[in-house]
1. Given charges of +1 on the Cβ of Lys and Arg and -1 on the Cβ of Asp and Glu, with all other atoms neutral, how large is the dipole of the stretch 511-642 about its Cα centre, in debye to the nearest 20?
2. Which cysteines in the chain lack any other cysteine whose Cβ sits under 4.7 Å from their own Cβ?
3. Express in nm, to one decimal, how much length is gained between M462 and A597 on full extension, taking 0.36 nm for each residue of separation and deducting their alpha carbon distance.
4. Nearest-5 percent of antiparallel DSSP beta bridges in the stretch 3-97?
5. Straight distance only, please: which lysines reach the Cα of K154 with their own Cα at less than 29 Å, same-chain residues fewer than 8 apart left out?
6. Give the relative contact order (percent, whole number) for the stretch 627-713; include only Cα pairs under 8 Å separated by 6+ residues.
7. Provide R683, R50 ordered by accessible surface of protein heavy atoms (probe 1.4 Å), highest first.
8. What's the extension gain from V640 to F626 if we count 0.36 nm per residue and subtract their Cα-Cα distance?
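The values are calculated or read from the model by the stated rules, or taken from the named source; none is laboratory data. Small disclaimer: the values here were computed from a predicted structure and weren't measured. Ideal geometry is used to build each Cβ from the backbone, glycine not excepted, and the neighbour counts take in all protein chains shown. The protein model used for the area step is the full one, side chains on, heavy atoms only, and it has no ligands, DNA or RNA in it. Shrake-Rupley method; radii C 1.70, N 1.55, O 1.52, S 1.80 Å.
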Amino acid sequence: MSRIASVLLPMPLPEAFDYAEPDGMDLQLGDQVSAPLGPRLLRGVVVGLREAVGGNRPLKPLEGILEETRLPPGTVEFVQWAARYSVDWPGQPLAIALRGARAPKPRPVRVTALTGVAPARPTAARAKVLEAAAVPMSPPDLARAAGVGVGVVKGLIDEGVLSVRLVEAVASFDPPDPSLAGAVLNPSQAAAAAELKAMLAQGGFNVALLDGVTGSGKTEVYLEAAAAALAADPGAQVLILLPEIALTQAVIGRVAERFGAEPGEWHSDVAPPARRRVWEAVANGRCRIVVGARSALFLPFPNLKLIVVDEEHDASFKQEEGFIYQARDLAVARGKIEDAGVVLASATPSLESLRNAEQGRYRWLRLSSRHGEARLPDIALIDLRESPPDPGRWLSPALVKAMGETFARGEQTLLFLNRRGYAPLVLCKACGERMTAPDTDSWLVEHRYSGRLVCHLTGFSMPKPKACPHCGAHDSLVSIGPGVERVEEEAKGLFPQARVAVFSSDTIFDAREARRMIEAMADGHIDILVATQAAAKGHNFPNLTLVGVVDADLGLRGGDLRAAERTYQLLAQATGRAGRKDRPGRALLQTWAPEHAVMQALAAQDRDAFVEAELAERELAGLPPFGRLAAVVVSGLDPVQLEDFVRTMAHAAPNAAGVEVYGPADAPLSLIRGRRRKRFLVRADRAVDLSAYMATWRARVRPPAAIRVAIDIDPYSFL
Ligand code: ADP
């Protein structure tokens with residue numbers, strides 16, 4: 001009897017397609033195959049196999065099995081689950097899962113081997129080479145290993161004592177050694193680690209919330225859990241997810257130290273051949289620890305036993321473009337599919353996770369003090385109404401004074417401002433015109449380093465004009481408000497002797513540079529670091545004793561559902577950088593609204609009171625984590641067609657108990673790249689299967705080709 005293969009293609013198509021399995025092909029689930037689609041042959045993945053029953057119309061046969069690594073069953077299931085949850089085409093998450101498989105293979109490398117021929121002229125240097133040559137490596141590496149010049153190796157090759165051959169540079173990850181000693185844990189760390197180990201030993205799917213203040217040693221604790229997972233099963237794999245590339249760099253170093261082997265590294269900055277190498281090594285089980293950003297969740301782990309989501313509250317875990325997903329939630333789902341343990345770690349957990357912990361769905365492990373001598377910083381508010389900066393400046397006298405004292409003691413300051421560039425707005429003082437992007441309704445941000453005006457939404461940029469494009473006045477453009485570059489300029493002016501650096505995604509181009517900058521800060525080569533959130537979380541800087549928050553109110557403006565929660569988290573993280581080891585730290589928050597609940601909670605260091613008040617408000621409004629939300633953004637080039645379609649869509653919304661649909665309304669960002677945007681917001685009770693509701697709605701409408709409908713389950717952005 002012949003079989004039918006259901007094949008998913010990594011592209012935006014609504015479903016998998018059926019093909020006939022040619023005789024003798026012997027397909028298995030997860031095989032990568034070559035499938036005909038129209039005139040083309042495409043790479044796809046087998047996601048289903050069933051016996052053909054008579055009477056079906058004949059199906060096209062598959063062209064062949066690709067000589068590529070098979071996706072493990074858990075990965076195949078996860079991809080499909082993620083698509084259903086996010087109400088998107090399953091080819092979208094598959095494309096993410098295949099990103100590494102489609103990257104070019106690393107180029108073959110040359111390695112040496114002993115031929116058995118004896119050297120005509122034995123010398124001490126040659127003897128060292130012969131000894132080292134037992135391990136295959138490239139000629140320069142061999143020379144280095146033997147501690148001789150490369151000429152000695154070449155001589156031996158020329159004589160035929162060593163041969164050279166090309167080998168594929170695949171998957172050579174040193175195995176981690178879980179038996180190496182980690183840090184000696186303090187009693188509360190040891191208790192938390194013991195609970196995690198017990199959870200893993202019990203086996204199966206379980207989630208723990210590792211809730212510990214900044215500097216309490218959460219990393220040490222979860223590395224201990226990772227060691228236990230690796231030791232329990234020689235094939236076990238561990239995934240550690242982080243929200244920022246800069247943070248992956250720090251954790252990679254700690255993992256390498258703890259286990260004596262580099263982990264696999266996975267994020268957008270990893271070059272394609274290296275990506276391929278990690279992907280293959282994960283799939284064949286040779287790479288046992290991966291440290292990566294959110295998309296690492298889609299790697300083909302055959303034997304995943306532990307997933308750690310570090311800084312689990314971080315909004316960067318939400319992927320907002322293309323396939324929209326919340327990596328923290330999907331990590332829990334993947335844990336369930338793989339029967340693995342999941343550890344969510346944070347000093348300021350999301351309200352969702354705290355609620356799950358309160359309700360007993362997650363184990364709740366708390367670390368309430370810093371490790372060792374270290375104490376949490378003192379946090380004080382600077383009321384900008386009483387102590388305003390001079391005109392055209394952004395640092396208040398009180399903060400400047402504290403910076404001066406810190407610098408005089410030879411200690412470091414971090415100035416936190418979550419705004420890239422030099423100034424968030426440029427306007428003409430002659431005619432009042434604000435500089436905006438040509439086809440997007442957002443302001444252009446001035447960047448002094450590049451001398452350009454940049455749209456942070458679309459990436460559009462132009463040189464800063466000499467004259468106002470609107471009225472033609474010369475030298476009339478003025479920069480309004482501060483970004484990190486402007487604060488850097490101010491700090492340099494105030495402290496000409498200090499070494500001042502700026503850290504933001506515009507000034508740090510790749511992971512290596514981020515690592516260098518973090519190390520420079522940790523080693524004390526920087527006195528004042530001006531940073532956006534890219535550097536303000538997670539890192540340990542032993543000599544950093546002052547954190548100044550330039551604009552503590554920034555995140556509260558524009559107010560979306562999570563504005564207060566997010567501001568609290570971000571500022572608790574940023575202020576938490578101050579004071580490690582034996583040096584006490586302090587944090588100063590510049591604010592225009594010191595009476596705001598978030599500022600009060602931060603100053604009093606009373607997270608629990610803040611969380612309780614915030615949860616009570618959410619409960620009243622039926623908002624997450626007590627209810628569920630989904631957003632729909634509909635966009636099109638033609639406003640009339642768009643208006644028509646959103647009206648049709650509003651009529652098509654299914655009636656369901658416990659679901660309310662709001663909109664359509666203009667999105668706050670109503671024009672991006674020339675496309676007009678309208679939004680719906682859907683609120684549902686927790687018991688409602690919101691993904692199923694949205695899928696039903698979606699299936700009832702047929703958008704014209706020029707209209708795009710993007711569904712966002714559990715939205716974080718309300719623009
Ligand atoms: P968190 O992730 O909770 O902010 P980390 O795990 O990064 O905390 O620990 C903060 C600092 O304290 C790090 O420099 C870490 O090496 C150190 N540390 C934590 N626990 C221990 C321990 N048990 N022994 C030695 N150093 C520790």
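1. Here the size comes out at about 540 debye.
2. C287, C455
3. 44.5 nm
4. Roughly 95 percent of the beta bridges in the stretch 3-97 run antiparallel, per DSSP.
5. Partners within reach: K105, K128.
6. Value for the stretch 627-713: 48 percent.
7. Details: R683 30, R50 110 Å².
If we order R683, R50 from most to least accessible, we get R50, R683.
8. Details: separation 14, 0.36 × 14 = 5.04 nm, distance 3.73 nm.
Going from the current span to full extension adds 1.3 nm.
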